[in-house]
Amino acid sequence: MLGDLIFAIRRDLEQQADEKNRNGAQAFFKERVTFHGVKTPVVSKIASNYFLKIRHLSKQEIFSLCEEMLQSDYGEEAYIAFDWAYRLRDQFEPGDFAILESWIEKYVNNWAKCDTLCNHTVATFVEGYPQYLRNLRQWAKSENRWLRRAAAVTLIIPAREGRFLGDILEIAGILLQDKDDMVQKGYGWLLKAASQAHQREVFDYVMRNKEIMPRTALRYAIEKMPADLKRRAMGRS
């Protein structure tokens, strides 16, 4: 039965696919990506419709379905898997962290998958179990570029709400001189989000580190700041 459901989802995605969308998707990524070519609002509707058919299942059964879709490597199927995982957020418990972490390690291979999973699903988990912030600090030291980006982008929404500033600055410090542009953009985005509630603290952090912070990360970090602070941050000593 569950195999039939996955087959039906893939059939619907193929029926909604558009070659122009499929070919155009590659322009947003440096690495090779795999897409059916379905627009995001349509994928979101498919995710919602099929979740109604499986919501009676156990969390473990739904996670297994998510994993099966992730194995295909298609972006749309990853979107559906992560959408379903987020819908289970009220059932999250500490043991689920290992599953979410394994998905990043095994299946996340571009920024879209990383951000879709981490901005909402992993973020909600960490907000519910903040002791796992220490695990994000370990991710920031990983050789896996997507775990390093995940360490930052997981905290985007909490950062906007003014939460976890100390942890945010610590993670930014670990990633400060990272050579990977996807990681630089990730922690720069995190600092930008944190500046919405803690402008002075983020500005002071940038000023302390601007001589060694990659310009990509710096520009992201100060994007929401007033023009005079941007000028000061961009100036070289």
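Just so it is clear, none of the values below were taken in a lab; they were calculated from the coordinates. Since this is a predicted model, take the numbers as computed values, not measurements. For neighbour counting, all protein chains shown are included, and Cβ atoms are generated from backbone atoms with ideal geometry for every residue, glycine included.
Quick notes on this structure:
- For q = 0.12, 0.19 Å⁻¹, Debye-computed log10 I/I(0) when each Cα of the range 120-176 counts as one equal scatterer: -0.22, -0.57
- Sequentially through the range 5-11, phi angles give Karplus couplings (6.51, -1.76, 1.60; θ = phi - 60°) of 5, 4, 4, 5, 4, 5, 4 Hz, Gly and Pro residues having no value and appearing as x.
- Cα gyration tensor, the range 15-75 - rounded (a/c under 1.5), prolate or oblate: oblate
- Relative packing of 183-196, 6-19, which averages over residues the other C-beta atoms within 10 Å, highest first: 183-196, 6-19
- Distance distribution P(r), the range 108-237, all Cα-Cα pairs, bin width 10 angstrom from 0: 14, 49, 30, 6, 0 percent.
- Cross-link reach is defined here as a Cα-Cα straight distance under 15 Å, omitting same-chain residues fewer than 8 places apart; for Lys45 the aspartates and glutamates meeting it are Asp12, Glu14, Glu76, Glu77, Asp83.
- Value at 222 nm in deg cm²/dmol, rounded to 500, when DSSP H runs of n ≥ 4 in the chain each add -39,500 (n - 2.57): -19500 deg cm²/dmol
- Equivalent-ellipsoid semi-axes of the range 165-221, from the Cα gyration tensor, Å, largest first: 16, 11, 10
- All Cα pairs of the chain, percent lying beyond 24 Å: 49 percent
- Efficiency of FRET from Cβ geometry, Ile99 and Lys224, R₀ 35 Å, rounded to 0.05: 0.55
- Area projected by the alpha carbon convex hull of the range 34-132, averaged over all directions, nm²: 6.0 nm²
- Given R0 = 41 Å, the distance between the Cβ atoms of Val42 and Met234 translates into a calculated FRET efficiency of 0.50.
- Simple label model, 7 Å out from Cα along Cβ direction - Lys179 to Asp4, nm: 5.3 nm
- Each of the peptides 125-135, 53-63 was scored by the mean count of other Cβ atoms within 10 Å over its residues; in descending order, highest first, they stand as 125-135, 53-63.
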